[in-house]
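**Q** Right, I'll just put the structure down here and ask away after.
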Amino acid sequence: MGSLLVDNIGELVTNAPRDGVDDPLGLRRDAALLVEDGEVAWIGPARYAPAADRRIDAGGAAVLPGFVDSHAHLVFAGDRAAEFAARMAGEPYTGGGIRTTVGATRAASDDELRANVRRLRDEAMRQGTTTIEIKSGYGLTVADEARSLRIAAEFTGDTTFLGAHVVPAEYADRPDDYVGLVCGPMLAAAAPHARWIDVFCERGAFDADHARAILACGQAAGLGVRVHANQLGPGPGVRLGVELGAASVDHCTHLSDADVDALASTRSAADAPAAGTATVATLLPGAEFSTRSPYPDARRLLDAGVTVALATDCNPGSSYTSSMPFCLALAVREMRMTPAEAVWAATAGGAAALRRDDVGVLRPGARADLVILDAPTHLHLAYRPGVPLIRQVLHNGVPR
Ligand SMILES: [Zn+2]
């Protein structure tokens, strides 16, 4: 493959701060970056750049790590545009529409599901996403959950078993039996294809006892824990996640002081977030946008010292966007994050939520996943919302 030099970088976001400098983004000016064997091999001032087999001239633009979208539901069929239109005409969001997608997903062929995942993954990558987590959760039978994860694993190593998305209609009057199915044969079929287990812990989905039972079974099977928590109202999800050492609790829209304190108590070293034991608060503003709901208070979490990530929650019901720049702009405008905090949360924060230290950062040894912007600084991502600012994406060092 040979070496590749990205040269003439006006502003490089590394997320690798220098010792003693209060700069979480680890910004460098007039930089160059050398890629070898799919990894970052060298970073330094452009004037000291080593020779390379090929060269990309960034033209003075900003370069940052590729986005890490740590929460996406890409394995499904059909869409719910009519439900969105009805909601925008005043109907409330309840989560019940998930069952519509379950029906369409069960009826789809493997190739149809695979083509949809590929379409959305490619769409995300054109917008700068180089790492994406993909959940099951629209199959809700042993066979359909297992095939959803098999297909997801063709696209990412960060696959998440979400058999506990909702109780499917056929188990509506016997949820205990469904929890038994999830913990038993469904987990056994899903675990070989999954890295994570997740539960939708919410009124109308799974209560604290059911969620704890399911997550504990997943842990016993070797899976890491993530939780859909406190989205539609206050609830036990966040503290359950902290209790179980979850890598991430996601949504966090309705939090008590005790929830925020619990999250802050897990904080890991700021210079090595992915290596720690933090339970990350992953905020998904696309969901609040698409359900016309109040946004989570990112400022409150950040001021308390909680590690915050941003992700898309890409799914056909409550957040049908694959765009990390869109979510980043929402976080700045609606959730009182600074542009720098939002960029960090969409890159290093997502990596921490997946407990990965090889992505979301640009330093020697990290994966050469990076984005060249059509802009001189990362500030433009929030400053110029809705504008296609992603000029070029490198994934594993390969231009896309
Ligand atoms: Zn979700």
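The values are calculated or read from the model by the stated rules, or taken from the named source; none is laboratory data. Given the structure is predicted, the values throughout are model-derived calculations rather than measurements. No Cβ is skipped: glycine too gets one built from the backbone with ideal geometry, and neighbour counts run over all protein chains shown. To get the accessible areas, we keep the full protein, side chains included, count just its heavy atoms, and leave off ligands, DNA and RNA. Shrake-Rupley method; radii C 1.70, N 1.55, O 1.52, S 1.80 Å.
**Q** In this structure, does Thr160 turn out to be closer than 29 Å to Leu381 by Cβ, away from the ligand (no atom under 16 Å from the Cβ) and in contact with a strand residue (DSSP E or B) (Cβ under 8 Å, 6 or more places away or on another chain)?
**A** Answer is no for this residue.
**Q** Here is a further query. Specify the residue that is farthest from Arg195 (Cα to Cα); the eligible residues are those in segment 210-237 that are β-branched (Val, Ile, Thr) and free of Cβ contacts under 8 Å to residues at least 40 places away in the same chain. Step through it out loud before you land on a result.
**A** Residues of segment 210-237 β-branched (Val, Ile, Thr): 214, 225, 227.
Those still in the list that are free of Cβ contacts under 8 Å to residues at least 40 places away in the same chain too: 225, 227.
Numbers: Val225: 9, Val227: 14 Å.
Going through the qualifying residues, I end up with Val227.
**Q** Something else about it: Could you please give the count of residues in segment 156-207 that are more than 30 Å from Thr130 (Cβ to Cβ), in contact with a Lys or Arg (Cβ under 8 Å, 6 or more places away or on another chain) and open to solvent by less than 30 Å² (accessible area, probe 1.4 Å)?
**A** Total satisfying the criteria: 2.
**Q** Right, next: I'd like to know if segment 129-137 contains one or more residues that are modelled with pLDDT of 95 or more, within 16 Å of the ligand (Cβ to nearest atom) and open to solvent by 10 Å² or more (accessible area, probe 1.4 Å).
**A** yes
**Q** Could you say whether any residue in segment 302-317 is more than 16 Å from the ligand (Cβ to nearest atom) and part of a helix (DSSP H, G or I)?
**A** Yes.
**Q** Given the structure, is Arg18 more than 16 Å from the ligand (Cβ to nearest atom), basic (Lys, Arg) and either more than 30 Å from Gly317 (Cα to Cα) or under 22 Å from the mean Cα position of the chain (by Cα) (or both)?
**A** Details: more than 16 Å from the ligand (Cβ to nearest atom): yes; basic (Lys, Arg): yes; either more than 30 Å from Gly317 (Cα to Cα) or under 22 Å from the mean Cα position of the chain (by Cα) (or both): yes.
Yes.
**Q** Collect the residues in segment 195-217 that are over 20 Å from the mean Cα position of the chain (by Cα) and assigned to a helix (DSSP H, G or I), keeping them in residue-number order.
**A** Within segment 195-217, Ala208, Asp209, His210, Ala211, Arg212, Ala213, Ile214, Ala216, Cys217 qualify.
**Q** In the set Arg147, Arg195, which member is in contact with a Gly (Cβ under 8 Å, 6 or more places away or on another chain), farther than 21 Å from Leu244 by Cα and of a type in the set (Lys, Arg)?
**A** Being in contact with a Gly (Cβ under 8 Å, 6 or more places away or on another chain), farther than 21 Å from Leu244 by Cα and of a type in the set (Lys, Arg) holds for just one of Arg147, Arg195, which is Arg147.
**Q** Take segment 1-41 and flag every residue that is of a type in the set (D, E, K, R) and under 19 Å from Val393 (Cβ atoms).
**A** Across segment 1-41, the qualifying residues are Asp7, Glu11, Glu36, Asp37, Glu39.
**Q** Out of all the residues in segment 12-42, which are free of Cβ contacts under 8 Å to residues at least 12 places away in the same chain and over 15 Å from Ala345 (Cα atoms)?
**A** Of everything in segment 12-42, those that are free of Cβ contacts under 8 Å to residues at least 12 places away in the same chain and over 15 Å from Ala345 (Cα atoms) turn out to be Arg18, Asp19, Gly20, Val21, Asp22.
**Q** Quick one: which helices (runs of 4 or more DSSP H) lie wholly within segment 83-194 and hold at least 3 residues that are free of Cβ contacts under 8 Å to residues at least 40 places away in the same chain?
**A** 98-107, 110-126, 175-181
**Q** Let me ask something additional. Taking into account only those residues within segment 273-289 that are assigned to a helix (DSSP H, G or I) and either charged (D, E, K, R) or modelled with pLDDT under 95 (or both), which is farthest from the ligand (Cβ to nearest atom)?
**A** Ranking the qualifying residues of segment 273-289, first place goes to Ala275.
**Q** Could you please find all residues in segment 330-346 being over 25 Å from Ala86 (Cα atoms), open to solvent by 10 Å² or more (accessible area, probe 1.4 Å) and within 16 Å of the chain's Cα centre (by Cα)?
**A** Glu341, Trp344
**Q** Moving on. Arg356 is checked against (1) assigned to a strand (DSSP E or B); (2) basic (Lys, Arg); (3) within 17 Å of the chain's Cα centre (by Cα) and fails just one. What number does that condition carry?
**A** Failing condition for Arg356: (1).
**Q** State which residue pairs qualify: first residue farther than 25 Å from Ile372 by Cβ and inside segment 62-81, second residue more than 12 Å from the ligand (Cβ to nearest atom) and in a loop (DSSP other than H, G, I, E, B) in any location, beta carbons under 6 Å apart, and separation of 6 or more residues or different chains.
**A** That search, which allows pairs on different chains as well, returns Ala77/Ala108; Arg80/Gly97.
**Q** Additional query: Looking at Arg80, Arg126, which one is more than 16 Å from the ligand (Cβ to nearest atom) and of a type outside the set (A, V, I, L, M, F, W, C)?
**A** Matching residue, one of Arg80, Arg126: Arg126.
**Q** Counting just the residues of segment 224-259 that are open to solvent by 10 Å² or more (accessible area, probe 1.4 Å) and of a type in the set (A, V, I, L, M, F, W, C), which one comes out nearest to the ligand (Cβ to nearest atom)?
**A** Leu232
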